[in-house]
Amino acid sequence: MKKIFMILTALLVVSVSQVAEAQSILLGLQRDTTKVNRTKGGIIQINRVNREIDKNVFAYKNEWICGVTASYGTLSSDDSELATVIENLKFGGSVVSVKPYVGYLYRDNFAIGLRFGYTHTAAHFDNADVNLGNFINGIEFSTDGVGVGYLSNAYSFSLFHRAYVPLDRRGRFGVFGELELEGQYGRSKFDFMFNNEWSNSISDSYKVKFNFNPGVAAYIFPNVCATVSFGLGGLQYTHIKQFDGEMQPTGTRNHSKLLFRLNIAEINIGVTVHLWSKKNEQKLRLQ
């Protein structure tokens, strides 16, 4: 019995040794982040291998960057899904935004900068026939003769901090997270027609925002990078002054909100130009 136990123990030691050597070979072929070493006493040590992923660079220290982002969106009655309730619906609108910016890389992959913005919004509502007969009997009305127009222009100035995370060793593709402190001023005009008579009101809005804008980036040329960013909201404070058609004050309103969600109107496509590229210098040194 003792001999059988000794034979089984020896087979177990040999099996463990073979499995460890096989794992070492596979780990070496797959370039994993661990390395298996064997000491003279037969003790297996597993050491972490530093692949220096954190040293991958998308944008280098001391680079200046400049660029512009833009977005455009429309809304019309053709997009409405209320056709079973609202008939002869006529409305439409558009939002155009342009935001140039400049930044400086104070360290690898980290930049601070300034951004200016202009946003133009226009919308109109002409007519709608509402019929809730299928849901609530006897409720039916029309807005014939009622017209609504809305026009707004807003200007913004912001300070942002951006952090890049490269996705490959050559630094061609990456993602970034951006924190932005923005101040905005805008004036909007609201026109309303009832019984063929027009009236209007004007509002001045002052906003302070703290936004979070993640995005993706890719170099399409050595010094030119294409970006797509998404506005996910944040903290916002708004102060509104309202006037009548003769610019006489009619009231004020203050409100604040904390909201994090994807805003379709804040999907921006842009281009960033790196004015001084350390990547090109390194390529020339290697040649």
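Every number here is computed from the coordinates shown, using simple stated rules; none is lab data. As the structure is a prediction and not an experimental result, all values here were calculated from the model. Positions of Cβ are generated from backbone atoms using ideal geometry, with glycine treated the same way; all protein chains shown enter the neighbour counts.
Within 10 Å of each residue's Cβ, count the other Cβ atoms and sort Lys189, Lys257 from fewest upward. Present the calculation step by step, with values, prior to reporting the outcome.
On the way: Lys189 15, Lys257 10.
Fewest-to-most ranking of Lys189, Lys257: Lys257, Lys189.
Here the calculated FRET efficiency for Tyr104 and Val165, from their Cβ-Cβ distance with R0 = 22 Å, stands at 0.70, rounded to the nearest 0.05.
Rounded to the nearest Hz, the phi-derived 3J(HN,Hα) couplings of segment 240-252 under the Karplus curve 6.51 cos²θ - 1.76 cosθ + 1.60 (θ = phi - 60°) are 10, 10, 10, 10, 8, x, 9, 6, 8, x, 10, x, 9, where x marks glycine and proline.
Could you pull out the pairs from Lys99/Lys207; Lys61/Lys207; Lys99/Lys241 whose alpha carbons sit more than 23 Å apart here? Write down the numbers at each step before the final one.
On the way: Lys99/Lys207 17 Å; Lys61/Lys207 33 Å; Lys99/Lys241 25 Å.
Pairs exceeding the cut-off: Lys61/Lys207; Lys99/Lys241.
Amide H contacts under 5 Å for Glu63: Leu105, restricted to partners 5 or more places along the chain or on a different chain, H placed in the peptide plane at 1.01 Å from N.
Here the Karplus curve 6.51 cos²θ - 1.76 cosθ + 1.60, taken at θ = phi - 60°, turns the phi angles of segment 66-74 into couplings of 9, x, 8, 10, 8, 9, 8, x, 10 Hz, with x standing for Gly and Pro.
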